[in-house]
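Below is one structure; the comments refer to it alone.
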Amino acid sequence: MPHDHNHHHGHGQHKHAPAHSHGDGHGHDHSHGEGHNHGHGHGHDHSHGGHHHHHGDPNSQGRAFAIAIALNTVFVAIEFGYGFMANSTALMADAGHNLSDVLGLMLAWGAAILARRAPNQRYTYGLRSSSMLAALFNSLLLMAACGAIAWEAVQQLMNPTPVHGLTVSVVAAVGIAVNGFSAWLFMAGAKDDINIRGAYLHLAADAAISLGVLLAGLAVMWTGWTWLDPLVSIAIVVIILVSTWALLREALKLVLAAVPDSVNAPEVARFLRARPGVNDVHDLHIWAMSTTETALTAHLVMPDGHPGDEALDDIAARLKADFSVHHCTLQVEMGTTDHACCLKAP
């Protein structure tokens, strides 16, 4: 049970204070030892369990990472060697990009493993947020790879050299198979987890790149236009930049504790204000604990006093079912003093 502790809440026991402190910056304030705490939070329980199932089956994800990393490592070596021999910047650039993929996949895999580490006294939420950092690093890595590919392509355009089209086409065809299969392994997990989506996008982009390189190789064979090879590299870079930009923005938002895109904060506030006995809601904070789990802390002003654990458990269960909030800490106040914390949300 290592988990309970932390997340949510020391609830009933009111320690919640810490509870929210989680470094998120969120709970901050409220440590109020005040009596109200109780409430808190009961949703916890339901949350538990939460963890694991959101990540798709961790074992199958681990297998997907191992297979994709092994296949791509072997392919990078082959592709770079043949690119060098065929004098193709498109192939060498693609090999460099595939290498960044291998590193990105290792990062994403490491984060997926860390995210399942049980919480302890220092990391009371476990290491879930490492998956957000991996998504961020992954997107930055892709951006860097794009810069390197574009630079190579411009050099080749300015100083064209003959390109061996057949070699390029054959190696690129192998690349389509390797990357397409690797991307397929992550397809299922990519919907719910931005970290897995980063790995999936990486691989899908690679398959598209290999297709472009294949077409360029064929065109060079038929026409002898060697400038097509670097031109395709540049087109590939533009495609990757567009998809990576969205991933980078989303990862940055999560790292900066923004409300996840999947949660409608005004709706959550309306839902809480509509609960029986609730006069007002303040200090409502919603943030991502990992790429798949969301946490919430809120003060509920209830002049008639604490509504009982069942009522709070019900709120927590509804938050989980309707808003995908997996861990909530609720503080009940009667409104007799000004509990508002200094972190005012608009």
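The values are calculated or read from the model by the stated rules, or taken from the named source; none is laboratory data. Since this is a predicted model, take the numbers as computed values, not measurements. Heads up, the Cβs are rebuilt from the backbone with ideal geometry, glycines too, and the neighbour counts pull from every protein chain shown. Calculation scope for accessible area: heavy atoms of the full protein, side chains included, ligands and nucleic acids excluded. Shrake-Rupley method; radii C 1.70, N 1.55, O 1.52, S 1.80 Å.
Once backbone amide H atoms are built at 1.01 Å from N, T294 has M289, H326, H327 as its partners under 5 Å, excluding neighbours fewer than 5 places away on the same chain.
Around M187, under 13 Å between beta carbons, what's the net of Lys plus Arg minus Asp minus Glu among the other residues?
Details: positive: K191, R197; negative: D192, D193.
In short, 0.
Run the accessible area of segment 265-333 with a 1.4 Å probe and give the carbon-and-sulfur part as a rounded percent. The value for segment 265-333 is 45 percent carbon and sulfur by accessible area. Protein heavy-atom accessible surface, 1.4 Å probe, per residue over segment 190-329: 42 Å².
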